[in-house]
Amino acid sequence: MKKHFFKNFIENIYLFLMFLFLYFPIVILMIFSFNNIKSTSNWGGFSTRWYVQMFSDDALLGAFGTTITIAIIAALVSCVIGTAAAIGIQGFRSKKLKGLINAVTNLPMVSSELVMGVSMMMLFLTVNIPLGYFTLLLAHITFCVPYVIVSVLPKLVQLDSGLYEAALDLGAKPFYAFRKVVLPEIKPGIISGMLIAFTLSIDDFVISFFTTGNGVNNLSIYIYSSVRRGVNPMYNALSTVMFILVAILLFVINKRSSSKTGDSPIGVLG
């Protein structure tokens, strides 16, 4: 009994320290976003001045709008491409070929972002595509697709292929069978991949730095350019808003997923 209690105590302490290490800096950032003075070490009283300044900065709002639109489009497009690619990879019968394609798919995830950014920039310049919003979007879609594939493939492996074939035997059209049988089963992987793609797109700096131009900046590039002139507490407010928005998004998705009942995939065909 004592041994079991001691084990649980150690595990809880470890879990607490892990979350403390991960989220304590974010909590400090959120607290100092309401600091009345321009300081990261001294408290000068509660104030929302930095939030007011953030929403009145046109350049910052423009970079924020670019970041969000790029992230949403990249997440949606990479989700469609990645899901289709994962289904295609899973459909290969040759294990050697499937393993080779998986290895090629994983290369962008383990490669240096510097290499990815420079290579994409050289590709765009070689084919005479001017650097700007479009090239930035293409670059984000490109490095997001492998993460969607990795998220969807395990769900396809767990899926019983007989369900899809049974739906076809019951008279369902291929697309209808896919939408009613396969898609609900792999949807958690699709949503996870889309969220990962969205987060990576918002966070990216290196690849964005090499693939943008013509005055098109996302938040990471804008903050990098501005922080060389000094740290502005306005960025604490911006980070707080973005963190809360992503946390709310994750909470809503998890709540929605947990509240759904598990219907039989074949049952929906009736």
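If the limit is 27 Å between Cα atoms, which of Lys96/Lys155; Lys96/Lys180; Lys95/Lys173; Lys95/Lys255 go over it?
Checking Cα-Cα distances, Lys96/Lys180; Lys95/Lys173; Lys95/Lys255 exceed 27 Å.
Of all the Cα-Cα pairs you can form in the chain, what percent are over 36 Å apart?
Tail of the P(r) past 36 Å holds 33 percent of the pairs.
Each part reduced to its alpha carbon centroid, the range 173-187 and the range 51-102 end up 22 Å apart. Counting only Cβ charges, +1 for Lys and Arg and -1 for Asp and Glu, the dipole size of the range 56-230 around its Cα centre is about 460 debye. Only one residue of Leu123, Thr142, Gly88 has its Cα farthest out toward the positive end of the dipole of the range 56-230, where Lys and Arg carry +1 and Asp and Glu -1 on Cβ, and that residue is Gly88. In the chain, helical runs assigned H by DSSP with n ≥ 4 each contribute -39500 (n - 2.57); averaged across all residues and rounded to the nearest 500, the mean residue ellipticity at 222 nm is -25000 deg cm²/dmol.
Among Ser41, Ser239, Ser151, the residue with the largest mean-square fluctuation in a Gaussian network model of the chain, with springs joining Cα atoms closer than 10 Å, is Ser41.
Listed by Cβ neighbour count within 10 Å, with the fewest neighbours leading, Phe210, Phe55 appear as Phe55, Phe210.
A short reminder: the numbers here are calculations on the coordinates, not readings from a lab. It should be emphasised that the depicted structure is a prediction, and the values quoted were computed from it without experimental measurement. Cβ: placed from backbone, ideal geometry, glycine included. Neighbour counts: every protein chain shown.
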